[in-house]
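Visitor: Submitted below is the structure of interest, expressed as structure tokens.
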Amino acid sequence: MRKLGLNELRKEFLDFFEERGHNRLESFPLVPVNDDSLLLINAGMAPLKDYFTGIKKMPGNRATSSQKCIRTADIDRVGKTARHGTFFEMLGNFSFGDYFKEETIKWAWEFMTEKMEIDPEILWVSIYENDDEAFKIWNEEIKVPAEKIIRLGKADNFWELEVGPCGPCSEIYVDRGLDYGCGDENCKPGCDCDRFMEVWNLVFTQFDKDKNGEYHPLEHPNIDTGMGLERLALISEGVDNIFEVEIIRNIINGIEKLSGKKYKSSAEVDESIRVISDHVRAIVFLVSDGVVPSNEGRGYVLRRLIRRAVRHGRLLGISDEFLNEIGQLVIDSYKDSYPALSQNKDMIFKVISAEEDKFRETILQGLERLNDLIELYEKESLKMLDGKEVFKLYDTYGFPPDLTKEIASERDLDIDEEGFNEMMMKQKIRSRESRTDDGGFHADENPVYTEISNTEFTGYCNTMEQARVLELYKDGELVDSLEEGSRGAVIFDKTCFYGEGGGQVGDIGTISTKEAEADVIDTKKNSNLAIIHYVEVKKGSIRVGDDAGLIVDEKTRKAIMKNHSATHLLHRALRKVLGEHVNQAGSLVDSKKLRFDFSHYEAISKKDLAEIERLVNEMIERNLKVTFNEMSLGDANQMGAIGLFEDKYKDVVRVVAMGDESIELCGGTHVSDTAEIQMLKIVSESGIAAGVRRIEAITGHAVYEYLNSLQDKIDTVCSNLKTNSNNLVQRSHSIVEELKNKDKEIERIKLSVGSSSIDDILAKVEQVGDVKYLTYLFNDMDMDTLRKMGDQLRDKIGSAVVVLASKNDGKVTFLTTVSKDLLKLGLNAGKIVKETAKITGGNGGGRPDFATAGGKDLSKIDEALNNVTKLIKMGIDN
């Protein structure tokens, strides 16, 4: 057997299948593109669904890839075993209706036994129990003995969903020897022990399952295979588990160095080291692909991974930030195969560091909250922490439930796992509901299902065309004619109208025949690239076979072209200013504006936004020539073209270049030189999802209209402030200063009124032991004034607990301050104000020396303030 490292194995696999006519695909991002059914890519075939269904075509109809994947279903098992992980790479070869079982099985065996030089004696295979075809190939052609071909049932060797494409599987196993076995002499693949490790799964998608559960043979069966790269490395390197593969072992060495703990020294240490080594790999790749921490969707997955890693770092004794140091080891290990990791390093480290720092603060708050809960439960002789409270600790403070359980058990308490799981299920439902498609326009209410494909588009250079009517539709149904006053859809043999696609809206305009005139109100493309014209007939009737004159609304088209070309320049400027990690995440280009969505981890500063706008306008002013060329993807890559994945696997791609600045794959319409854009003005920048920002901008005449509107507003403000535009800024500053001074005067008057009665208030100071305290109720005092009053009273008393309340608009506000010297006695402002507010049906908290709260029941204020004496006694006693 050849001993190869993970990076070498990846290359060997991809080279093997590329030599056999497969398109060698780069790994798709972990964030699914145009697929809201998944939060994250979890299998090699997941990004290729459209090729399996035939919506998209690939040269040769075969491909191979090493796809980075994330699976979190067993995240709580990661670390506890040496088999579970969240991040992995899936090697695969795929056939989209091309070859089938014989070639798949033959190549798999050839790769394992000849390329990898694995001894055939240690290889076993399993097949679906009724798949005699696969058995015959393995047994008669590959010469695998019948006793080493195991037939398994649907649960193990048949891939299917509720309905749709499905089929039997065949798996290749490696016999790792008796030392890994269960001792049963009949042990074989399918046993739960570790002796037989499944390495490669070959899925033969040959049926279409209908809603009645009937299986119908597919006309063009597909092949989908998957082999875990880390598992293959485990076999090749001859180690016990994936955490001992060299590339991962190097990461573990770094964790050992940081923590001073040795791997394989104890079960607890091993678990924490495995969690960190797995999670940091997942974290680095997720952030590089544009995911940022949040409380929903894929951002929630990332946040949980970071917090689990930090928590296990603390268990190893690592109290400082450390994830970026381990992240650097990950980048060093994978950068040759994934150069984006190096390119995005600064962004990756910034996102990780911010989240790690945030969690290190919240975990301390979580501990305090948990201790408060445990004390409360002990006082009330309760033995089980409520599941909602456990979930709140997890969701609000990022406090892992297993840590909550561990700490609770030390105080003889259990946790309500069923209640917690119920809350987690609700959270998962919210995450699933967050998987929505963000954008753009959707198909017409009456979609057209036509067999016509690849309408000839002549509109890159022309806005007029003569064409013949091929099909007509009304209400989604095929018809022979469209009459005056009716709406419908027309398909021509060729057209100058651009069908909506690539973020660019469809053209509008007119069509005319000898007998009819119609307005084109929208134009779309279907999956077969048929261009569909949605029309309203103004005069006469349009019939199938008519010759027609097509005229695109030139003014609208030109405005769209300006905005589309401007998005390319904007993309270039964003990458220059923010970094090469910026990638397009969506766009909308119409005649009035452009909208550009892109991956970035934080809001853009005012300074950077101004620089981005300046760069775009500089490129416009330079009058860069816009050129268009069709070429192979390889040639486009050599030019440095960038583009969305949906453009990358066509036989021929269209490259749009703007001077030496922007080179992108694009099928849209554009200006001939950048000066035609005239000017770009950014009108807004915002966040639309975790790790996705949006810029909206205008160009050309729309900028002129925008500036006129802005000037009108400036004139109105000048009139209101009785000044002119030259003095507007100075006048606004003067007014702000006047208002500030008046606010200060109002505050001074409030305090002077309050101070006149301070002596009366101080007369109410009481004492518990050596601790002085004061409680007092005000009417209609705002929080700012209440805070200053509390500081004054505490300072005048010297050492004291001060609890103040104020009635405002049917509610009560509480404020508590505790002198620094009393903190060592166990007095805590946060706890005091919280218990005080509870009596009035409220809640609150804060720091040990200062805290605030709110309440609802005004009739209980006196009772709440009278209870302070008891709270101080309890604090001192504890």
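The values are calculated or read from the model by the stated rules, or taken from the named source; none is laboratory data. Nothing here was measured: the structure is a model prediction, and the numbers come from that model. Neighbour counts run over all protein chains shown; Cβ positions are idealised from the backbone, glycine included. SASA here: full protein model, heavy atoms, side chains in, ligands and nucleic acids out. Shrake-Rupley method; radii C 1.70, N 1.55, O 1.52, S 1.80 Å.
Visitor: Just need a number here: residues in segment 121-140 that are open to solvent by 10 Å² or more (accessible area, probe 1.4 Å), under 15 Å from residue 108 (Cα atoms) and touching a Phe, Trp or Tyr at 6+ places or on another chain (Cβ under 8 Å).
Guide: So the count comes out to 1.
Visitor: Turning to a different aspect of this structure: Specify which of the listed residues (805, 853, 837) is part of a helix (DSSP H, G or I) and closer than 16 Å to residue 865 by Cα.
Guide: Within the list 805, 853, 837, the selection yields 837.
Visitor: Does at least one position in segment 174-187 carry a residue that is at pLDDT 90 or above, closer than 30 Å to residue 256 by Cβ, part of a strand (DSSP E or B) and within 31 Å of the chain's Cα centre (by Cα)?
Guide: Within segment 174-187 (the criterion being at pLDDT 90 or above, closer than 30 Å to residue 256 by Cβ, part of a strand (DSSP E or B) and within 31 Å of the chain's Cα centre (by Cα)), the answer is no, since none of the residues qualifies.
Visitor: May I pose another question? For residue 569, all conditions in the list (1) in contact (Cβ under 8 Å) with a residue 60 or more places away in the chain; (2) part of a loop (DSSP other than H, G, I, E, B) hold save one; what is the number of the exception?
Guide: With (1) in contact (Cβ under 8 Å) with a residue 60 or more places away in the chain; (2) part of a loop (DSSP other than H, G, I, E, B) applied to residue 569, the lone miss is (2).
Visitor: Sticking with this one: Looking only at segment 606-625, which residues are open to solvent by 60 Å² or more (accessible area, probe 1.4 Å), touching a residue at least 24 places away in the same chain (Cβ under 8 Å) and part of a helix (DSSP H, G or I)?
Guide: Correct list: 611, 621.
Visitor: Test of understanding: among 39, 9, which residue is in contact (Cβ under 8 Å) with a residue 40 or more places away in the chain, more than 24 Å from residue 112 (Cα to Cα) and open to solvent by less than 60 Å² (accessible area, probe 1.4 Å)? So that I can check it myself, show each step before the final result.
Guide: Details: 9 fails: more than 24 Å from residue 112 (Cα to Cα).
The conditions single out 39.
Visitor: Can you tell me which of (1) on the phi < 0 side of the Ramachandran plot; (2) open to solvent by less than 50 Å² (accessible area, probe 1.4 Å) is the one residue 57 doesn't meet?
Guide: (2)
Visitor: On to the next question. Yes or no: segment 40-60 includes at least one residue that is closer than 22 Å to residue 1 by Cβ and at pLDDT 85 or above. Reasoning before the result, please.
Guide: Our first condition is that a residue be closer than 22 Å to residue 1 by Cβ; within segment 40-60, this holds for none.
No, segment 40-60 has no match at all.
Visitor: Could you count how many residues in segment 546-560 are open to solvent by less than 10 Å² (accessible area, probe 1.4 Å) and either part of a helix (DSSP H, G or I) or in contact with a Pro (Cβ under 9 Å, 6 or more places away or on another chain) (or both)?
Guide: Selection size over segment 546-560: 2.
Visitor: Among 24, 83, which is the only one that is assigned to a strand (DSSP E or B) and modelled with pLDDT under 95? Walk me through how you get there before you give the answer.
Guide: Values: 83 fails: assigned to a strand (DSSP E or B).
None of the other options fit; the residue is 24.
Visitor: Give me the pairs, please: first residue somewhere in segment 837-856 and in contact (Cβ under 8 Å) with a residue 60 or more places away in the chain, second residue anywhere and hydrophobic (A, V, I, L, M, F, W, C) and in a strand (DSSP E or B), beta-carbon distance under 6 Å, and either six or more positions apart or on two chains.
Guide: Here the result reads 852/815, each pair linking segment 837-856 to a residue that is hydrophobic (A, V, I, L, M, F, W, C) and in a strand (DSSP E or B).
Visitor: Mind listing whichever residues of segment 744-778 are hydroxyl-bearing (Ser, Thr, Tyr) and modelled with pLDDT of 90 or more?
Guide: At the first step, the residues of segment 744-778 found to be hydroxyl-bearing (Ser, Thr, Tyr) are 752, 755-757, 773, 775-776.
Correct list: 773, 775, 776.
Visitor: Filter segment 306-343 down to the residues that are open to solvent by less than 10 Å² (accessible area, probe 1.4 Å) and part of a loop (DSSP other than H, G, I, E, B), then identify the one that is modelled with the lowest pLDDT.
Guide: For segment 306-343, the residue satisfying everything is 316.
Visitor: Now for a different question. Among the residues of segment 44-54, which ones are in a loop (DSSP other than H, G, I, E, B) and open to solvent by 20 Å² or more (accessible area, probe 1.4 Å)?
Guide: Listed by number, the residues that qualify are 45, 54.
Visitor: Something else: Can we say residue 460 is open to solvent by 80 Å² or more (accessible area, probe 1.4 Å), of a type in the set (Phe, Trp, Tyr) and at pLDDT below 80? Let's see the steps before the verdict.
Guide: Working: open to solvent by 80 Å² or more (accessible area, probe 1.4 Å): yes; of a type in the set (Phe, Trp, Tyr): yes; at pLDDT below 80: no.
Against the criterion (open to solvent by 80 Å² or more (accessible area, probe 1.4 Å), of a type in the set (Phe, Trp, Tyr) and at pLDDT below 80), residue 460 does not qualify.
Visitor: Right, here's the next one. Got a sec? Which of 208, 240 is part of a strand (DSSP E or B), under 36 Å from the mean Cα position of the chain (by Cα), more than 15 Å from residue 92 (Cα to Cα) and in contact (Cβ under 8 Å) with a residue 24 or more places away in the chain?
Guide: Just one listed residue meets the conditions, 208.
Visitor: Does residue 826 satisfy the criteria of being open to solvent by 10 Å² or more (accessible area, probe 1.4 Å), touching a Lys or Arg at 6+ places or on another chain (Cβ under 6 Å) and either assigned to a strand (DSSP E or B) or at positive phi (or both)?
Guide: It is false that residue 826 is open to solvent by 10 Å² or more (accessible area, probe 1.4 Å), touching a Lys or Arg at 6+ places or on another chain (Cβ under 6 Å) and either assigned to a strand (DSSP E or B) or at positive phi (or both).
Visitor: Also: Applying the selection to segment 355-364, what residues are surrounded by 15 or more Cβ atoms within 10 Å (Cβ to Cβ), farther than 17 Å from residue 276 by Cα and not β-branched (Val, Ile, Thr)?
Guide: Passing the criteria: only 358.
Visitor: Among the residues of segment 167-186, how many are open to solvent by 10 Å² or more (accessible area, probe 1.4 Å), hydrophobic (A, V, I, L, M, F, W, C) and closer than 29 Å to residue 107 by Cβ?
Guide: 0
Visitor: Tally the residues that are surrounded by 15 or more Cβ atoms within 10 Å (Cβ to Cβ), closer than 28 Å to residue 827 by Cβ and among the small types (Gly, Ala, Ser), restricting the search to segment 366-421.
Guide: Selection size over segment 366-421: 2.
Visitor: Going through segment 249-276 one residue at a time, which ones are of a type outside the set (D, E, K, R), part of a helix (DSSP H, G or I) and in contact with a Gly (Cβ under 9 Å, 6 or more places away or on another chain)?
Guide: Passing the criteria: 255, 258, 259, 272, 273, 275, 276.
Visitor: Still on this model: For segment 26-36, which positions are open to solvent by less than 60 Å² (accessible area, probe 1.4 Å) and closer than 19 Å to residue 337 by Cα?
Guide: 27, 28, 29, 30, 31
Visitor: Pick out the one residue from 829, 851, 800 that is within 27 Å of residue 759 (Cα to Cα) and more than 45 Å from the chain's Cα centre (by Cα).
Guide: 800
Visitor: Still on this structure: Looking for whichever is in a strand (DSSP E or B) and open to solvent by 40 Å² or more (accessible area, probe 1.4 Å) here; the options are 221, 217. Which one fits?
Guide: Result: 217 is the single residue among 221, 217 that is in a strand (DSSP E or B) and open to solvent by 40 Å² or more (accessible area, probe 1.4 Å).
Visitor: If you don't mind, another one. Considering segment 570-599 alone, what residues qualify as being open to solvent by less than 10 Å² (accessible area, probe 1.4 Å) and either over 18 Å from residue 674 (Cβ atoms) or among the charged types (D, E, K, R) (or both)?
Guide: Result: 582, 597, 598.
Visitor: Which condition number does residue 718 fail, the rest of (1) assigned to a helix (DSSP H, G or I); (2) within 42 Å of the chain's Cα centre (by Cα); (3) modelled with pLDDT of 90 or more being met?
Guide: (2)
Visitor: Restricting to segment 83-106, name every residue that is surrounded by fewer than 21 Cβ atoms within 10 Å (Cβ to Cβ) and within 28 Å of the chain's Cα centre (by Cα).
Guide: 83, 84, 88
Visitor: Find all pairs meeting these conditions: Cβ atoms under 8 angstrom apart; at least six residues apart or on different chains; first residue within segment 105-132 and in a strand (DSSP E or B); second residue polar (S, T, N, Q).
Guide: Matching pairs, first to second residue: 123/113; 125/170; 126/157; 126/170; 127/157; 127/170; 128/157; 128/170.
Visitor: Here's a follow-up. Quick one: in segment 579-596, which of the residues that are among the charged types (D, E, K, R) and modelled with pLDDT of 85 or more is farthest from residue 348 (Cα to Cα)?
Guide: Residues of segment 579-596 among the charged types (D, E, K, R): 580, 590, 592-593, 595.
Now drop any that are not modelled with pLDDT of 85 or more, which leaves 590, 592-593, 595.
Values: 590: 34, 592: 36, 593: 32, 595: 26 Å.
Looking at the filtered set, the residue picked out is 592.
Visitor: Of the residues in segment 671-687, how many are touching a Ser or Thr at 6+ places or on another chain (Cβ under 8 Å), open to solvent by less than 40 Å² (accessible area, probe 1.4 Å) and either more than 14 Å from residue 704 (Cα to Cα) or part of a strand (DSSP E or B) (or both)?
Guide: Total meeting the criteria: 3.
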